[in-house]
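The values are calculated or read from the model by the stated rules, or taken from the named source; none is laboratory data. What you see is a predicted model, and the numbers here were worked out from it, not measured in a lab. Neighbour counts run over all protein chains shown; Cβ positions are idealised from the backbone, glycine included.
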């Protein structure tokens, strides 16, 4: 088996160990596969100093040169895809084919932003004779970024790409449970010629690192992907210092299935997407609201596909779904399922831990779940789907909008009138029709309501990493 990487902090262009460490565990086996250094206060001070120096260099680097560096790094990661994917599977558990797809997706983020940074246009505004009025975009400064454990490579890549393309320096605290993806990105960028200090990578106690970095005057933007609870806390910290935030927070994505679709095809499609990454996706389709006339055949097809999934170690050939992240997720999922069943939900399949080795949970389908069940209000973030029949599109839209979340939503229909209503009425930052994919590098991604603020990706993605400066220039004094 390929050796898991030697984990280190990356500060000022140098890789360093620290006296304090914590283990990295493979959730499929429970075995320790690596030792992660924990940043001390002195390491964070060094990272701030390095980012300050890096910003002075990088912000004055031509967009074309920044783009070339990002493109070289993406090419290196594509060359190293087998090693990166295997490391992701070892630390996260997802099947190897999903890990490979994640590496490619991370590269696409780097490549898209490399091109987009050359199109951060300003504009000239018509002005009186002898006066020039113009608007320019400039990099905002040092970014403190925080990425989650569920996508170890593509989530760090998205934040690094946005910051670096815009000319910012960045201090990234990647997830302690799944650190290898961020380490591989940092190595690729160093090999691609990124100046020292532009990217700094730290690990440690999340609350201590965020509590120290966010109040620093040098930090000009906080970029976070994670839970709504933590996002609100970090937003409060940032607001105390008038620091802007980019927040991609939790969801509980609804899927509206109209009566004009093939229920069997829709059920198979829904299950295939729901159990990707063991359901540990902020945009995972979870609450299926199915027209009552097709609800039972849809549910039957969904359940059949769930039962047929090959669950196991992501490194084993044929595995379709790996473990959940840790024992805490197992306990949380079990509690949500038990609560739903106790309140009257039908357990159509799954609902239990698999075996006693590793963190495997059965692909689970709950039907006719009442409103007062916890899972109708709390995102399960795991391989559990809800299939509830509805009597009309009005009811489905009302149910979709009932929760305070609004990250992603989906609709399955072939009727243009239905599509128009979904576009107009569903409250979500990302709406997909007849596909259960919610995000692409070239499109803006983010939530509404309690699911966050700001956008990553697309033309809009780099705007948060810049400040708008209005310049008024009179040709002569007067």
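For residue 320, the conditions (1) over 22 Å from the mean Cα position of the chain (by Cα); (2) within 19 Å of residue 265 (Cβ to Cβ) are fulfilled apart from (1). Condition check: touching a helix residue (DSSP H, G or I) at 6+ places or on another chain (Cβ under 7 Å), closer than 24 Å to residue 42 by Cα and not in a loop (DSSP other than H, G, I, E, B). Does residue 182 satisfy that? Yes, satisfied.
Pull up region 365-381, narrow it to residues that are in contact with a strand residue (DSSP E or B) (Cβ under 6 Å, 6 or more places away or on another chain) and in a loop (DSSP other than H, G, I, E, B), then point me to the one that is surrounded by the fewest Cβ atoms within 10 Å (Cβ to Cβ). Explain how you work it out, then say what you get.
As a first pass, look at region 365-381 and keep what is in contact with a strand residue (DSSP E or B) (Cβ under 6 Å, 6 or more places away or on another chain): 365-369.
Within this subset, residues satisfying the condition of being in a loop (DSSP other than H, G, I, E, B) are 368-369.
Details: 368: 15, 369: 20.
So, considering only residues that are in contact with a strand residue (DSSP E or B) (Cβ under 6 Å, 6 or more places away or on another chain) and in a loop (DSSP other than H, G, I, E, B), the one surrounded by the fewest Cβ atoms within 10 Å (Cβ to Cβ) is 368.
If a residue must be surrounded by fewer than 24 Cβ atoms within 10 Å (Cβ to Cβ) and farther than 19 Å from residue 445 by Cα, how many such residues does region 237-257 contain? Residues flagged as surrounded by fewer than 24 Cβ atoms within 10 Å (Cβ to Cβ) and farther than 19 Å from residue 445 by Cα within region 237-257 amount to 7. So in region 291-317, with the set limited to residues that are in contact (Cβ under 8 Å) with a residue 12 or more places away in the chain and outside any helix (DSSP H, G or I), which one is nearest to the chain's Cα centre (by Cα)? Among them, the one singled out is 314.
Before we move on, is residue 347 in contact with a strand residue (DSSP E or B) (Cβ under 9 Å, 6 or more places away or on another chain), more than 18 Å from residue 256 (Cβ to Cβ) and not in a strand (DSSP E or B)? In short, no. Of the residues examined, residue 470 is one that is touching a residue at least 40 places away in the same chain (Cβ under 8 Å), more than 26 Å from the chain's Cα centre (by Cα) and either crowded, with 17+ Cβ neighbours inside 10 Å or not in a loop (DSSP other than H, G, I, E, B) (or both).
Restricting region 352-364 to residues that are in contact (Cβ under 8 Å) with a residue 24 or more places away in the chain and either assigned by TED's automatic domain parsing to the domain that holds residue 31 or assigned to a loop (DSSP other than H, G, I, E, B) (or both) leaves a set whose member that is nearest to residue 270 (Cα to Cα) is 363. Is region 453-463 home to any residue that is assigned to a helix (DSSP H, G or I), without any contact (Cβ under 8 Å) to a residue 60 or more places away in the chain and over 16 Å from the mean Cα position of the chain (by Cα)? Yes, region 453-463 contains at least one residue that is assigned to a helix (DSSP H, G or I), without any contact (Cβ under 8 Å) to a residue 60 or more places away in the chain and over 16 Å from the mean Cα position of the chain (by Cα). Applying the condition of being in a loop (DSSP other than H, G, I, E, B) and free of Cβ contacts under 8 Å to residues at least 40 places away in the same chain to region 164-179 and asking which residue is surrounded by the most Cβ atoms within 10 Å (Cβ to Cβ) yields 174. Residue 200 meets the conditions (1) surrounded by fewer than 19 Cβ atoms within 10 Å (Cβ to Cβ); (2) in contact (Cβ under 8 Å) with a residue 60 or more places away in the chain; (3) touching a strand residue (DSSP E or B) at 6+ places or on another chain (Cβ under 7 Å) in every case but one. The failed one is (1). What do you reckon, is residue 36 surrounded by 15 or more Cβ atoms within 10 Å (Cβ to Cβ), within 24 Å of the chain's Cα centre (by Cα) and in a strand (DSSP E or B)? Considered against the rule, which asks whether it is surrounded by 15 or more Cβ atoms within 10 Å (Cβ to Cβ), within 24 Å of the chain's Cα centre (by Cα) and in a strand (DSSP E or B), residue 36 comes out as yes.
Looking at region 400-415, which of its residues are within 24 Å of residue 306 (Cα to Cα) and surrounded by fewer than 23 Cβ atoms within 10 Å (Cβ to Cβ)? Matches in region 400-415: 413 only.
Just checking, how many residues over region 426-451 are part of a strand (DSSP E or B) and either in the same structural domain as residue 163 (by TED's automatic domain parsing) or more than 13 Å from the chain's Cα centre (by Cα) (or both)? Walk me through it before giving the result.
First pass over region 426-451, keeping only residues part of a strand (DSSP E or B): 430-433, 445, 448-449.
Within this subset, residues satisfying the condition of being either in the same structural domain as residue 163 (by TED's automatic domain parsing) or more than 13 Å from the chain's Cα centre (by Cα) (or both) are 430-433, 448-449.
So the answer is 6.
Restricting 158, 220 to residues that are in contact (Cβ under 8 Å) with a residue 40 or more places away in the chain, surrounded by fewer than 24 Cβ atoms within 10 Å (Cβ to Cβ) and in contact with a strand residue (DSSP E or B) (Cβ under 7 Å, 6 or more places away or on another chain) narrows the list to 220.
Mind telling me which of the residues 7, 48, 77 ends up being in contact (Cβ under 8 Å) with a residue 60 or more places away in the chain and in a loop (DSSP other than H, G, I, E, B)? Spell out the reasoning first.
Working: 48 fails: in a loop (DSSP other than H, G, I, E, B); 77 fails: in a loop (DSSP other than H, G, I, E, B).
After ruling out the rest, the residue left standing is 7.
Within region 389-425, can you find the residues that are part of a helix (DSSP H, G or I), touching a residue at least 12 places away in the same chain (Cβ under 8 Å) and over 28 Å from residue 232 (Cα atoms)? Reasoning before the result, please.
Start the filter on region 389-425 by keeping residues that are part of a helix (DSSP H, G or I), which leaves 393-400, 416-425.
Imposing the further condition that a residue be touching a residue at least 12 places away in the same chain (Cβ under 8 Å) reduces the set to 393, 395-397, 399-400, 418-419, 421-422, 425.
Residues satisfying the conditions are 393, 395, 396, 418, 419, 421, 422.
Of all the numbered requirements in (1) at pLDDT below 95; (2) farther than 30 Å from residue 26 by Cα, residue 214 misses one, and that requirement is (1).
Being within 14 Å of residue 349 (Cα to Cα) and in contact with a helix residue (DSSP H, G or I) (Cβ under 7 Å, 6 or more places away or on another chain): is that true of residue 373 here? Give the steps one after another, and end with the answer.
Values: within 14 Å of residue 349 (Cα to Cα): no; in contact with a helix residue (DSSP H, G or I) (Cβ under 7 Å, 6 or more places away or on another chain): yes.
Spelling it out, it is not the case that residue 373 is within 14 Å of residue 349 (Cα to Cα) and in contact with a helix residue (DSSP H, G or I) (Cβ under 7 Å, 6 or more places away or on another chain).
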